[in-house]
Amino acid sequence: MLFSLPSIPDIVGHGKQCGQLLQDIARRNVAHAYLFAGTAHLGKFTVARWFAWRLLADHLEPSAHAAVWEQIERLIHPDFLSLSALWIEGVQEDWRIIGQSSNAPQQHRVKAPAKTDTISIEDIRPLHERLLATGTSPHLCCLIRSIERMPQAAASAFLKILEEPPPRVVFLLTAGNEHSLLPTVVSRTRIIHFYPLKPEEMRPLLREKDDEDAAFAIHLSQGAPGTLISLLQNPDALREAKQLHAQAKQFWQMRSLHERLRWILPFAELRSSLAELLRHLGDTLHEHPDPVQKTKWASAYSALVESLHTNAHRGLLLQRFTLAVSQDPC
């Protein structure tokens, strides 16, 4: 069977981070563990995989670099391990989908007692065994997405590996925030921080598409390339986002308490949509032209965001918020 050669991705933005990583290779100063830290969808995993390719291709002739990338892309390179998507009973059981981002051992999860999106100590043990295998490259790259998914027992087991890493192994770890991890784990990594990109840095992802939808997608993505790509690849999601954004903007302009309640209360039963609701309410509040109302409503909005993290009844919280923003300004 013939496979078309995948294109090696151009990294959008993050020039400082990529430059530092290339400098580590050039100076032969590669750390045994890197932590790529930043909020979701900034491209941490993409850059980590790109860095693994640069490491695994560094000792080869340039003519062989594309073949190395193909092996990484298809997760068949003998010195590249990736743990991203997890097998979860009743949630994600399709090995074909899992195999698109993970090639670390996971068969044990089928019989494991825990069926959650956590990297357990049972996941760490077979991973460690795989890291001890011999290979053909100077490095063995182990990429693990979202290590905050490790509970304390797994993090402690992983810490022992970081303290005495197997020969050749370079860990490439991603996390939303290093402060959510064990300090002892963080202290044994070289931290690479990632930040939201500027709109002009995101434009190459539009592929010459320059219209109202593209401008809105860049605005909505808030500097996260992964979010922008998802929106551009899913026109229905983009259309729904535009509709919700327009409705949120109208919410701040409504004069009737009843009208506001009628629109916002259904979100109490749609927990998965609450985050999107808050996002668009906050975004459109920031755009509101009246500074007096904006200041008053910002307090009510902040209280809603904070209270939704509790176990309080969501419907009551939305009612309280709507009553607060419907009162006359002081």
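The values are calculated or read from the model by the stated rules, or taken from the named source; none is laboratory data. Only a predicted model underlies this, so the values are computations on that prediction, with no experimental measurement involved. Counting neighbours? That spans all protein chains shown, and the Cβs are built from the backbone with ideal geometry, glycine included.
Residues checked against (1) within 12 Å of Leu244 (Cα to Cα); (2) polar (S, T, N, Q); (3) at pLDDT below 90; (4) within 25 Å of the chain's Cα centre (by Cα):
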| position | (1), (2), (3), (4) |
| --- | --- |
| His258 | no, no, no, no |
| Leu261 | no, no, no, no |
| Ile264 | yes, no, no, no |
| Ala268 | no, no, yes, no |
| Ser273 | yes, yes, yes, yes |
| Glu276 | yes, no, yes, yes |
| His280 | yes, no, no, yes |
| Pro291 | no, no, yes, no |
| Trp297 | no, no, no, no |
(message) So in region 187-218, with the set limited to residues that are out of contact with any helix residue (DSSP H, G or I) (no Cβ under 8 Å at 6 or more places or on another chain) and in a helix (DSSP H, G or I), which one is surrounded by the most Cβ atoms within 10 Å (Cβ to Cβ)?
(response) Glu201
(message) Consider region 146-180. How many of its residues are over 29 Å from His41 (Cβ atoms) and in contact with a helix residue (DSSP H, G or I) (Cβ under 7 Å, 6 or more places away or on another chain)?
(response) 1
(request) Scan region 299-325 residue by residue and report those that are at pLDDT 90 or above, over 17 Å from Arg279 (Cβ atoms) and of a type in the set (S, T, N, Q). (result) Ser299, Gln319, Thr322
(message) Quick check on my filter: what residues within region 23-73 are in a helix (DSSP H, G or I), touching a Lys or Arg at 6+ places or on another chain (Cβ under 7 Å) and surrounded by fewer than 19 Cβ atoms within 10 Å (Cβ to Cβ)?
(response) Ile25
(request) Output the number of the condition that Ile161 fails; it satisfies all remaining conditions of (1) touching a residue at least 60 places away in the same chain (Cβ under 8 Å); (2) touching a Phe, Trp or Tyr at 6+ places or on another chain (Cβ under 9 Å). (result) (1)
(request) For region 153-181, name all the residues that are hydroxyl-bearing (Ser, Thr, Tyr) and outside any helix (DSSP H, G or I). (result) Thr174
(request) Spot the failing condition for Ala85; the list is (1) in a loop (DSSP other than H, G, I, E, B); (2) surrounded by 13 or more Cβ atoms within 10 Å (Cβ to Cβ); (3) over 16 Å from the mean Cα position of the chain (by Cα), and only one is missed. (result) (3)
(request) For region 158-186, enumerate the residues that are of a type in the set (Gly, Ala, Ser) and either at pLDDT 95 or above or loosely packed, with under 12 Cβ neighbours inside 10 Å (or both). (result) Ala175, Ser180
(request) Just give me the residues in region 97-108 being outside any loop (DSSP other than H, G, I, E, B) and either closer than 18 Å to Phe45 by Cβ or modelled with pLDDT of 90 or more (or both), in sequence order. (result) Ile97, Ile98
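Based on what the data block shows, is His77 surrounded by fewer than 16 Cβ atoms within 10 Å (Cβ to Cβ) and closer than 21 Å to Gly135 by Cβ? Steps first, answer last, please.
Working: surrounded by fewer than 16 Cβ atoms within 10 Å (Cβ to Cβ): no; closer than 21 Å to Gly135 by Cβ: yes.
Against the criterion (surrounded by fewer than 16 Cβ atoms within 10 Å (Cβ to Cβ) and closer than 21 Å to Gly135 by Cβ), His77 does not qualify.
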